[in-house]
């Protein structure tokens, strides 16, 4: 019998100074961090604390938290571009996605929000790169 761990979606935004996360399944459960790694750690702790307090006060807890679960992080385009800006230059992202650098800067700064088609181009470009990297035999 295969056990499939349930996923809990965590949405991540960038607020101009910090990353901010919330789990839509747990209204009011939010956290921030100055880096993506810090924010992920903080939201994990916030979720555990939120569940403990809910149980203490006999508040309802979603079923997913009664078993093992894993967090699935969904970053906004702005959060993604900021989080990985030290890994992917705008020039590299432009080559991967076909979106010009100036437009990528607008997305990263939050000046503009990408249309769904542009988000898809960024996602597809990064997935294609990831698939190529997975095929490398070292």
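Every number here is computed from the coordinates shown, using simple stated rules; none is lab data. The structure displayed is predicted, hence computed values, not measured ones. Counting neighbours? That spans all protein chains shown, and the Cβs are built from the backbone with ideal geometry, glycine included.
Points worth noting:
- Panel order for 76, 15, by other beta carbons found within 10 Å of each beta carbon, from fewest to most: 15, 76.
- Point-to-point label distance, residue 11-residue 115, nm (Cα→Cβ direction, 7 Å offset): 2.2 nm
- The slack between residue 73 and residue 45, meaning 0.36 nm per residue of separation minus the straight C-alpha distance, is 8.6 nm.
- Rg followed by Dmax, in Å, when the stretch 78-134 is reduced to its Cα trace: 10.6, 34
- q = 0.09 Å⁻¹: log10 I(q)/I(0) that the Debye formula gives for the chain, counting C-alpha atoms only: -0.35
- For the chain, relative contact order (Cα pairs under 8 Å, six or more residues apart, normalised by length) works out to 21 percent.
- The stretch 78-134 - percent relative contact order, Cα under 8 Å, separation 6 or more: 36 percent
- If R0 is 25 Å, the Cβ-Cβ spacing of residue 58 and residue 35 corresponds to a FRET efficiency of close to 0.10.
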